[in-house]
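Remarks on the structure that follows.
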Amino acid sequence: MAAQNRETVEEAAEAAEQAAEAAETAAASATGDAETAAAAAEQAREIADQLAQLAAASPISEFVFLFTIFVLAIFVGYYVVWSVTPALHTPLMSVTNAISSVVIVGALIALGADLADSTAGGWPKFLGFAGVTLASVNIFGGFLVTQRMLSMYKKKER
């Protein structure tokens, strides 16, 4: 059990490090305050390294470790998104729509899973439904915002 938890913790640390690398890549492609996003990604990488060292040294609860990674991802995402210049928000919205479509696929899988004998009860189906609903709102809202932004660049007819 402890070996499995340690492997899970190490996998989560690797995932956090990959998220930090993705944040660095996004920061390099953005204009404006890219230095701030890169600094945030570097801090996240340092924290992920420290978490990996802690995981190797002491048995940490899997939930606490994964929750810490989740909180770090929120901070990295905040700094990456807010460092993007306003001119890049429309393309960023389109990418967000593509990511939400992946969320819908996972939520549909959760909805279709046969969990009649599971101890989880109806929670996976409920969370799958909530995921489909929220991702759909995000996708359609993103398309509406993108359409409105693009209509601002059309020439007005007289």
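Sort out which residues of the stretch 140-157 are within 26 Å of VAL103 (Cα to Cα) and free of Cβ contacts under 8 Å to residues at least 40 places away in the same chain, and write them in order of number. Of everything in the stretch 140-157, those that are within 26 Å of VAL103 (Cα to Cα) and free of Cβ contacts under 8 Å to residues at least 40 places away in the same chain turn out to be PHE140, GLY141, LEU144, GLN147, ARG148.
Scanning the stretch 23-38 for residues that are modelled with pLDDT of 65 or more and exposed (fewer than 15 other Cβ atoms within 10 Å of the Cβ) turns up THR25, GLU35. The criterion of at least 3 residues that are of a type outside the set (Phe, Trp, Tyr), in the same structural domain as GLN50 (by TED's automatic domain parsing) and modelled with pLDDT of 80 or more is met, among helices (runs of 4 or more DSSP H) falling completely within the stretch 62-158, by 62-82.
The values are calculated or read from the model by the stated rules, or taken from the named source; none is laboratory data. Please read these numbers as outputs of a predicted model, since none were measured by experiment. Glycine also receives a Cβ, built like all others from the backbone with ideal geometry; neighbour counts cover every protein chain displayed.
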